[in-house]
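These notes are about the structure you will find just below.
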Amino acid sequence: MSKSNRESWAINKKTLMLPIIMLLVFSTIAIVLSILLSNGFYLFNFLYIGGSVSIGMFLFLAMPKKLKPLGRKISQLLVGLYMLVFLGFIQGENMQIEGFWVYIASGVFAGATIHYLVAKVAGPLFFSRGWCGWACWTAMVLDFLPYKESKKAPSKKLGAIRYVHLFLTIAFVVVVYFVLSAKNQTLKPGWELYWLIIGNALYYLVGIVLAIILKDNRAFCKIICPIPVLMKPAARLSLLKIQVDPIKCIDCKKCEQKCPMDIKLLEYKNIGKRVCSTECILCNTCYSVCPTGAIKMNVGIGDKIR
Ligand code: SF4
Ligand code: SF4
Ligand code: SF4
């Protein structure tokens, strides 16, 4: 991308290609699921989500450099608010991970089940942890905090808390079911809503406190959130990845300094690989700060830079 393009709007093949691919992927999911499950709601749902992410992505790519972060925020707000307020609070779907386990255990193919399977289990095969960068309703709030650059990556030991948390969410659901069945009871209507409200309030509280203490907006994502554990296996094989062009790169390290997930992009460049880290949330911050246009997000099989 030339300097003039970075100062003004750029509407061309490059800025349109990825949003169109993303929209096609979501349209395919929407059509397949609505036919397979004979439910027109999935057509609306996935077209809305795909449309929102594609609009955000187009704005990010096309807008002048200073405005780029706005494109991602628009996508986060459009998807995050839709999922939390409309699907969660109004439609009564428990979008928390515990809700997913409850629906799986009871064999219910609810919206939350489909959401987790598409966005967090299978979808990362194509768009890696793009959910975390462009759509998550927790991060949509955390990303408004002022600690955009992480000064120091948390230790790997702290990162293990996410695995323990995932285990605890399963254990919690099992215990609730055990207690209820011992009393010959089932989950009462409306409980999901309280569960969703309390769970989310806790996530926001812990996320904000942690961000302030560690001066890192994404500390919650790196230490506490259990969702990445679900995403990582497919994300490792993702078709969509970031890559650094070794010819254009001048080793200024701006991309690494600004990366909210502490990714060592130059280590990947130096071994001729695309960014394979399953911590990458495809936020494209590195792309927008690179002074030489050495960074791009591309679709391909395998790790090698092409
Ligand atoms: S790690 Fe968790 S909180 Fe962070 S963006 Fe991903 S799903 Fe959201
Ligand atoms: S490597 Fe780039 S796209 Fe990935 S998390 Fe870091 S800044 Fe975002
Ligand atoms: S910001 Fe661009 S030029 Fe600088 S080190 Fe990163 S990829 Fe290389």
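The values are calculated or read from the model by the stated rules, or taken from the named source; none is laboratory data. As the structure is a computational prediction, the values presented were derived from the model and not from experiment. All Cβ positions, even for glycine, are placed from backbone atoms using ideal geometry, and neighbour counts span all protein chains on display. All accessible areas refer to the heavy atoms of the entire protein, side chains included, with ligands and DNA or RNA removed. Shrake-Rupley method; radii C 1.70, N 1.55, O 1.52, S 1.80 Å.
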Original post:
Can you name the condition, by its number, that T292 falls short on among (1) among the hydroxyl-bearing types (S, T, Y); (2) open to solvent by less than 30 Å² (accessible area, probe 1.4 Å); (3) part of a loop (DSSP other than H, G, I, E, B)?
Top reply: (2)
**OP:** Within the stretch 268-277, work out how many residues are open to solvent by less than 30 Å² (accessible area, probe 1.4 Å) and within 11 Å of ligand 3 (Cβ to nearest atom).
**Re:** 2
Subject >> Test set (1) within 14 Å of ligand 3 (Cβ to nearest atom); (2) open to solvent by 20 Å² or more (accessible area, probe 1.4 Å); (3) under 17 Å from the mean Cα position of the chain (by Cα) - K254 fails condition number >> reply: (3)
Original post:
In the list C286, C280, which residue meets the criterion of being in a loop (DSSP other than H, G, I, E, B), open to solvent by less than 30 Å² (accessible area, probe 1.4 Å) and at negative phi?
Top reply: C280
Original post:
Which of the residues spanning the stretch 234-253 are in contact with a Ser or Thr (Cβ under 7 Å, 6 or more places away or on another chain), closer than 22 Å to R129 by Cα and either of a type in the set (A, V, I, L, M, F, W, C) or in a helix (DSSP H, G or I) (or both)?
Top reply: A235, R236, L240
Subject >> Hits in the stretch 18-42 (condition: free of Cβ contacts under 8 Å to residues at least 24 places away in the same chain and either outside any helix (DSSP H, G or I) or crowded, with 17+ Cβ neighbours inside 10 Å (or both)) >> reply: A30, S34, S38, N39
**OP:** Sort out which residues of the stretch 119-139 are within 16 Å of ligand 2 (Cβ to nearest atom) and assigned to a helix (DSSP H, G or I), and write them in order of number.
**Re:** P124, F126, F127, G130, W131, C132, G133, W134, A139
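Results for (1) touching a residue at least 12 places away in the same chain (Cβ under 8 Å); (2) closer than 28 Å to F144 by Cβ; (3) more than 16 Å from ligand 1 (Cβ to nearest atom), shown as yes or no for each residue.
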site: C249; (1), (2), (3): yes, no, yes
site: C255; (1), (2), (3): yes, yes, yes
site: E267; (1), (2), (3): no, no, yes
site: K273; (1), (2), (3): yes, no, yes
site: E279; (1), (2), (3): yes, yes, no
site: A294; (1), (2), (3): yes, no, yes
Original post:
Which one of the conditions (1) more than 26 Å from A160 (Cβ to Cβ); (2) assigned to a helix (DSSP H, G or I) does E256 fail to meet, given that it meets all the rest?
Top reply: (1)
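Among the candidates I49, I90, single out the residue that is exposed (fewer than 13 other Cβ atoms within 10 Å of the Cβ) and within 30 Å of V173 (Cβ to Cβ).
Details: I49 fails: exposed (fewer than 13 other Cβ atoms within 10 Å of the Cβ).
Of I49, I90, the one residue that is exposed (fewer than 13 other Cβ atoms within 10 Å of the Cβ) and within 30 Å of V173 (Cβ to Cβ) is I90.
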Original post:
Inside the stretch 103-118, can you point out the residues that are outside any loop (DSSP other than H, G, I, E, B) and open to solvent by 10 Å² or more (accessible area, probe 1.4 Å)?
Top reply: Y103, I104, A105, G111, H115, L117, V118
**OP:** Check L240, L265 and return the single one that is surrounded by 15 or more Cβ atoms within 10 Å (Cβ to Cβ) and more than 7 Å from ligand 3 (Cβ to nearest atom).
**Re:** L240
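Let's see how each residue does on (1) of a type in the set (G, A, S); (2) more than 28 Å from L81 (Cα to Cα):
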| site | (1), (2) |
| --- | --- |
| K156 | no, yes |
| S181 | yes, yes |
| L202 | no, no |
| V206 | no, no |
| I212 | no, no |
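Given the residues L61, L67, which is the only one that is open to solvent by 50 Å² or more (accessible area, probe 1.4 Å), out of contact with any strand residue (DSSP E or B) (no Cβ under 7 Å at 6 or more places or on another chain) and either without any contact (Cβ under 8 Å) to a residue 60 or more places away in the chain or of a type outside the set (D, E) (or both)? Reasoning before the result, please.
Numbers: L61 fails: open to solvent by 50 Å² or more (accessible area, probe 1.4 Å).
So the residue among L61, L67 that is open to solvent by 50 Å² or more (accessible area, probe 1.4 Å), out of contact with any strand residue (DSSP E or B) (no Cβ under 7 Å at 6 or more places or on another chain) and either without any contact (Cβ under 8 Å) to a residue 60 or more places away in the chain or of a type outside the set (D, E) (or both) is L67.
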Original post:
Restricting to the stretch 259-277, what's the tally of residues that are within 12 Å of ligand 2 (Cβ to nearest atom) and in a helix (DSSP H, G or I)?
Top reply: 5
